[in-house]
């Protein structure tokens, strides 16, 4: 099937009068693009037409650095895309003529998704999620609680670490302090201490915030 598709692509660029070398690059690129989008799920709809999907006879073109090139035929725009080994992407289909840009569409899509993710993170309501320890918390339970704290912090929430003393345990506050310091040290790669450990009644409390990503 891909052989027929590729031969059809050569016939198309021959009819458009594109150079043979450019046509080979263009056909191979079109095959790769078609193959890529065939693997995508049906629910993932693209917002832009690419390359031969563009129906207009001429377009207002900008270059890979977003520099204006001007109004050119779609054949000329495709030839330039083939020479630069990039995609011809229709940015504004409703403009007259449509606005297109030469770009690496895969990279563009990644940047758009990253912007959307960053915007979502900024809109996120930060919650304070509590994880409770005891002076005698065993190692297995400690590791489970530590993983929960790490998950909360990586999701952008704060972690409230509380350690409750019972009976005469309150006379050994240094045990609680050592445990909270261990939690702090074990999570230093993903957290910052917002509230240092302090005693409130029979509880020792420490608040951790997520570390900002560079």
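The values are calculated or read from the model by the stated rules, or taken from the named source; none is laboratory data. These numbers come from a predicted model, not from an experiment. Using ideal geometry, Cβ is built from the backbone for each residue, glycine included, and neighbour counts are taken over all protein chains shown.
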Practice item. Say whether the condition of being assigned to a helix (DSSP H, G or I), within 25 Å of the chain's Cα centre (by Cα) and not assigned by TED's automatic domain parsing to the domain that holds residue 146 is met by at least one residue in region 92-106. Key: yes
Practice item. Being in contact with a strand residue (DSSP E or B) (Cβ under 9 Å, 6 or more places away or on another chain) and surrounded by fewer than 17 Cβ atoms within 10 Å (Cβ to Cβ) is the filter; apply it to region 202-214 and report the residue that is farthest from residue 127 (Cα to Cα). Key: 202
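The rows are residues; the columns are (1) crowded, with 16+ Cβ neighbours inside 10 Å; (2) within 30 Å of residue 50 (Cα to Cα); (3) modelled with pLDDT of 90 or more.
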{"residue": "122", "(1), (2), (3)": "no, no, no"}
{"residue": "130", "(1), (2), (3)": "no, no, yes"}
{"residue": "146", "(1), (2), (3)": "yes, no, yes"}
{"residue": "150", "(1), (2), (3)": "yes, no, yes"}
{"residue": "157", "(1), (2), (3)": "yes, no, yes"}
{"residue": "167", "(1), (2), (3)": "no, no, yes"}
Check your understanding: Filtering region 75-91 down to residues that are touching a residue at least 40 places away in the same chain (Cβ under 8 Å) and part of a strand (DSSP E or B), which residue is surrounded by the fewest Cβ atoms within 10 Å (Cβ to Cβ)?
Key -> 91
Check your understanding: Which residues, taken from region 132-163, are in contact with a helix residue (DSSP H, G or I) (Cβ under 9 Å, 6 or more places away or on another chain) and farther than 18 Å from residue 212 by Cα?
Key -> 132, 133, 134, 135, 136, 137, 142, 145, 146, 161, 163
